[in-house]
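Asker: Sharing a structure, written as structure tokens. Questions coming.
The values are calculated or read from the model by the stated rules, or taken from the named source; none is laboratory data. These figures come from a predicted structure and were not determined experimentally. A quick note on method: Cβ atoms are made from the backbone with ideal geometry, for glycine too, and the neighbour counts reach across all protein chains shown. For accessibility, only protein heavy atoms count, side chains too; no ligands or nucleic acids. Shrake-Rupley method; radii C 1.70, N 1.55, O 1.52, S 1.80 Å.
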Amino acid sequence: SDARMLTTMLEQELDGIGVRRISAAATGAELHTAWLRYHEHIDVPPRTVVIEINPRSFSPHWERNPGWVFNEQAAMIDHPLFARLASVLEWDWARPTDAEYRATPVVVGGSVVGTVAELEAPEAGWDPPAEVAARRYLVRYGADYARSRRIEAFRRLVDEANACPFPVVLFITPVDVEAIRARLTPEQIAAVEQNLTLLRGELDRSRWPTV
């Protein structure tokens with residue numbers, strides 16, 4: 001498989017066409033939607049926008065991580081005066097505390113299988129044992145995406161993309177289910193596949209090409 005970042009791939013494959021990256025790691029659909037609205041009204045709009053949708057952004061590992069909540073950044077784009085006032089008033093922007101994040105229950109197939117802290121086991125580091133790696137995969141790809149508030153944000157993103165005057169290509173980061181199949185139960189694999197089907201179903205509403 002191609003391990004290049006999407007921006008790098010586009011720069012190398014689209015010879016002579018300028019490619020500008022405006023996203024950052026761990027961003028989600030709410031911020032992507034705000035970016036789109038902003039670029040619809042600038043003097044020189046982009047010729048095409050490509051938005052990478054990482055399935056992990058719908059998992060409690062990303063959605064509930066205090067450092068990866070981008071409500072404030074989205075508000076600064078859509079409603080800058082309100083956002084500044086909210087910051088002065090020290091609004092928390094629905095950002096959970098670290099303790100709340102670690103205690104977040106992980107629901108797979110309708111059943112709680114543990115908390116984020118228990119399953120992620122951050123003390124295992126970046127190169128964890130196979131058992132911990134499988135649990136992390138389950139949190140990130142098997143937790144019920146339908147429970148995520150970002151699913152509604154994703155629907156709004158598709159709607160916004162459909163309303164844009166320039167093409168908006170929505171790209172789902174590939175998920176290698178086969179690589180982990182032997183370490184998960186059939187029910188857990190079914191949960192992963194159901195999540196991907198949910199995301200693909202939303203993408204099917206796009207009037208632009210999807211990947």
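Asker: Heavy atoms only, probe 1.4 angstrom, no DNA, RNA or ligands counted: give me Arg4, Arg20, Arg149, Arg207 ranked by accessible area, highest first.
Answerer: Of Arg4, Arg20, Arg149, Arg207, the descending order of accessible area is Arg20, Arg207, Arg149, Arg4.
Asker: Please check which bits of region 138-159 a label hung off Gln194 would reach, taking the label as a point 7 Å along Cα-to-C-beta and the cut-off as backbone N under 11 Å.
Answerer: Correct set: 143-147.
Asker: DSSP loop (so not H, G, I, E, B), at most 16 other Cβ within 10 Å: list which chymotrypsin sites (Phe, Trp or Tyr not before Pro) in region 34-126 pass both filters.
Answerer: Details: sites: Trp35, Tyr38, Phe58, Trp62, Trp68, Phe70, Phe82, Trp91, Trp93, Tyr101, Trp126; in loops: Phe70, Trp91, Trp93, Trp126.
Passing sites in region 34-126 are Trp91, Trp93, Trp126.
Asker: Taking GluC sites (Glu not before Pro) that fall in a DSSP loop and have at most 14 other Cβ atoms within 10 Å as cut points, what is the longest piece of the chain between them?
Answerer: 1-89
Asker: Gaussian network model of the chain, Cα springs within a sub-10 Å range: biggest mean-square fluctuation belongs to which of Ile42, Ile51, Ile172?
Answerer: Judging by the Gaussian network model, the answer is Ile42.
Asker: Given R₀ = 30 Å, what would the calculated FRET efficiency be for Asp78 paired with Thr48, taking r from the Cβ atoms and rounding to 0.05? Show your work: numbers first, answer last.
Answerer: Values: r = 22 Å, r/R0 = 0.75.
E(calc), rounded to 0.05, equals 0.85.
Asker: While we're here: Just to be sure I understand: with springs between alpha-carbon atoms less than 10 Å apart, which residue in Gly67, Gly110, Gly18 has the highest mean-square fluctuation in the Gaussian network model of the chain?
Answerer: Of the options given, Gly18 has the highest mean-square fluctuation.
Asker: Let me spell out the model: positive unit charges on the Cβ of Lys and Arg, negative unit charges on the Cβ of Asp and Glu, origin at the Cα centre of the chain. What dipole size does that give, in debye rounded to 20?
Answerer: Around 240 debye, computed over the chain.
Asker: Of all the accessible heavy-atom surface of the chain, with the other protein chains kept in place and a 1.4 Å probe, what percent is carbon and sulfur?
Answerer: Heavy-atom surface of the chain belonging to carbon and sulfur, 1.4 Å probe: 55 percent.
Asker: What Kirkwood hydrodynamic radius do you get for region 129-195 when you take the inverse of the mean 1/r over all pairs of distinct Cα atoms, in Å?
Answerer: Every distinct Cα pair counted, the radius reaches 13.9 Å.
Asker: With a ≥ b ≥ c the root eigenvalues of the C-alpha gyration tensor of region 54-202, is it rounded (a/c under 1.5), prolate (a/b larger than b/c) or oblate? Mind dumping the intermediate values first?
Answerer: Working: a/c = 2.39, a/b = 1.35, b/c = 1.77.
It is oblate, given that a/c is not under 1.5 and a/b is not larger than b/c.
Asker: In a shell of Cβ-Cβ distance under 12 Å around Gly114, excluding Gly114 itself, what net charge do Lys and Arg (+1) and Asp and Glu (-1) give?
Answerer: +1
Asker: Share of antiparallel DSSP beta bridges in the chain, in percent to the nearest 5?
Answerer: In the chain, approximately 40 percent of DSSP beta bridges are antiparallel ones.
Asker: Subtracting the Cα-Cα distance from 0.36 nm times the residue separation, let me have the gained length for Thr97 to Val211 in nm, one decimal.
Answerer: 37.5 nm
Asker: Further, regarding this structure: Gaussian network model of the chain, Cα springs within a sub-10 Å range: biggest mean-square fluctuation belongs to which of Val158, Val139, Val177?
Answerer: Top of the fluctuation ranking is Val177.
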